1. Hey, does segment 311-330 have a residue that's hydrophobic (A, V, I, L, M, F, W, C) and touching a helix residue (DSSP H, G or I) at 6+ places or on another chain (Cβ under 6 Å)?
2. For segment 262-299, which positions are of a type in the set (Asp, Glu), open to solvent by 50 Å² or more (accessible area, probe 1.4 Å) and within 24 Å of Thr208 (Cβ to Cβ)?
3. Considering only segment 163-225, give the strands (runs of 3 or more DSSP E) lying wholly within it that have at least 1 residues that are more than 17 Å from the chain's Cα centre (by Cα) and not basic (Lys, Arg).
4. Identify, by number, the condition in (1) over 27 Å from Gly101 (Cβ atoms); (2) in contact (Cβ under 8 Å) with a residue 40 or more places away in the chain that Arg176 doesn't meet.
5. If the requirement is being open to solvent by 10 Å² or more (accessible area, probe 1.4 Å), among the small types (Gly, Ala, Ser) and touching a residue at least 40 places away in the same chain (Cβ under 8 Å), which of these qualifies: Ala242, Ala215?
6. With the requirement that a residue be touching a residue at least 12 places away in the same chain (Cβ under 8 Å) and open to solvent by 40 Å² or more (accessible area, probe 1.4 Å), what does segment 179-194 give you?
7. Within segment 312-330, restricting attention to residues that are over 11 Å from the mean Cα position of the chain (by Cα) and either of a type in the set (S, T, N, Q) or within 22 Å of Thr220 (Cβ to Cβ) (or both), which residue is least open to solvent (accessible area, probe 1.4 Å)?
8. Residues in segment 331-350: is at least one over 29 Å from Val65 (Cα atoms), surrounded by 20 or more Cβ atoms within 10 Å (Cβ to Cβ) and out of contact with any Cys (no Cβ under 9 Å at 6 or more places or on another chain)?
Amino acid sequence: MWVRRLIALSVLWFAAVAASPIVQREEIEAAPPYPQSHASTIVELADGTLAAAWFGGTGEGYADVAIWFARRGRAGWEKPVAVARGAGEPTWNPVLFQPRGAPLRLFYKVGRTPNDWRGMVIASNDGGRHWGKPVALPAGVLGPIKNKPLVLADGSWLSPSSREEGVFPDDRWSIRMERSADRGATWRVGAAIASPLGLQAIQPSVLTLRGGALALVARTRQGVLAGSRSADSGRTWSPLVAIDLPNPNAGTDAVTLADGRQLIVYNHAAHWPDKPGYGPRWPLAVALSDDGVRWRRVLTVEDAPLAEGYAYPAVIQTRDGMVHVTYTVDRKLIRHVVIDPARIDVEKEQP
């Protein structure tokens with residue numbers, strides 16, 4: 001009897017594992033040669049290879065912090081290499097961007113603090129094996145602040161950018177979209193998106209809604225994620241409003257899936273009672289939306305408490321339909337998770 005029961009339990013366990021939407025979980029580098037890693041970005045290259053980048057060094061804001069890059073070969077992630085440094089200043093928030101028929105680009109920021117960031121970019125013609133010299137973006141252009149640009153129907157690049165200006169506690173956050181109609185040769189910086197409700201937002205992701213309108217979701221200091229809409233391909237945006245997901249003042253990323261649904265990776269947490277404006281960066285969760293307005297939490301990626309949590313996710317959907325997420329683990333490692341969206345049970349919304 002006990003043998004049959006054991007077999008039945010084993011069958012149920014294997015069935016549960018097989019049905020899990022998370023089909024792979026791995027570290028990009030298990031033992032990095034520096035104490036802190038953060039702010040990853042992931043991209044599918046022209047040949048279908050995955051590549052990722054992040055900043056690593058002594059700690060955020062230290063002069064030795066560099067931008068590290070790795071490709072994922074058939075045997076797994078290749079050894080990361082430092083591809084950009086700040087010449088005595090820290091580097092920040094890399095964003096990989098692979099436009100069709102154009103070189104791979106790696107945007108990043110240089111400066112002592114976000115208040116004095118300068119936008120930089122390097123390019124590669126061979127999928128990140130070799131890189132050109134750093135090029136400064138025009139004055140006032142920071143490039144994508146955390147999340148990937150969007151190629152619009154007319155071929156223009158829409159870069160989700162933002163600003164952190166002033167000195168805490170009187171500093172101000174705002175979102176400004178940057179647009180290039182000539183593949184990055186020149187840029188036009190949009191006006192700050194209005195926030196009549198007092199939402200201070202940064203680090204937006206841009207989504208494409210059914211019918212062609214655009215939406216954004218962004219991090220705020222006010223305990224919720226913020227949203228906005230554009231009916232003119234990102235030239236103008238509606239005032240920021242709260243959407244129905246919490247935010248502990250932590251980075252998020254989102255992507256429009258091939259089937260038209262919207263998917264976001266975020267920390268499903270509120271603020272600490274004794275630390276207004278800050279909250280735990282766990283659990284790390286996935287939510288889906290059919291319209292960009294009503295969101296439902298459908299998957300927990302990580303939920304074990306950690307001092308620095310699971311932070312700054314980046315998300316893409318590759319040509320095979322899989323969803324790839326990279327994120328920081330306790331400020332020490334960059335983890336890569338593969339999710340099969342077809343296995344997400346949308347009927348089992350999570351609390």
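1. Within segment 311-330, the first condition is being hydrophobic (A, V, I, L, M, F, W, C), and the residues that meet it are 311, 314-316, 322-323, 325, 329.
Of the ones still in play, those that are also touching a helix residue (DSSP H, G or I) at 6+ places or on another chain (Cβ under 6 Å) are 323.
Checked segment 311-330: at least one residue is hydrophobic (A, V, I, L, M, F, W, C) and touching a helix residue (DSSP H, G or I) at 6+ places or on another chain (Cβ under 6 Å).
2. Keep residues of segment 262-299 that are of a type in the set (Asp, Glu), which gives 274, 290-291.
Filter once more, keeping what is open to solvent by 50 Å² or more (accessible area, probe 1.4 Å): 274, 290.
Residue satisfying the conditions is Asp290 alone.
3. Numbers: elements: 172-180, 201-208, 214-220.
Passing ranges, in order: 172-180, 214-220.
4. (2)
5. Details: Ala215 fails: open to solvent by 10 Å² or more (accessible area, probe 1.4 Å).
Residue meeting the stated conditions: Ala242.
6. Taking segment 179-194 first, the residues touching a residue at least 12 places away in the same chain (Cβ under 8 Å) are 179-181, 183-184, 186-187, 189-194.
Listed by number, the residues that qualify are Ala181, Arg183, Thr186, Trp187, Val189, Ala191, Ala192, Ala194.
7. Top of the filtered list is Thr318.
8. Keep residues of segment 331-350 that are over 29 Å from Val65 (Cα atoms), which gives 339-350.
The next check asks that each one be surrounded by 20 or more Cβ atoms within 10 Å (Cβ to Cβ); those that pass are 339, 341.
Among the residues that remain, those that are also out of contact with any Cys (no Cβ under 9 Å at 6 or more places or on another chain) are: 339, 341.
Yes, there is a match, as at least one residue in segment 331-350 is over 29 Å from Val65 (Cα atoms), surrounded by 20 or more Cβ atoms within 10 Å (Cβ to Cβ) and out of contact with any Cys (no Cβ under 9 Å at 6 or more places or on another chain).
The values are calculated or read from the model by the stated rules, or taken from the named source; none is laboratory data. It should be emphasised that the depicted structure is a prediction, and the values quoted were computed from it without experimental measurement. Every residue, glycine as well, gets a Cβ built from its backbone with ideal geometry; the counts of neighbours run over all protein chains shown. When the accessible area is computed, the model is the full protein with side chains, heavy atoms only, and any ligands, DNA or RNA have been set aside. Shrake-Rupley method; radii C 1.70, N 1.55, O 1.52, S 1.80 Å.
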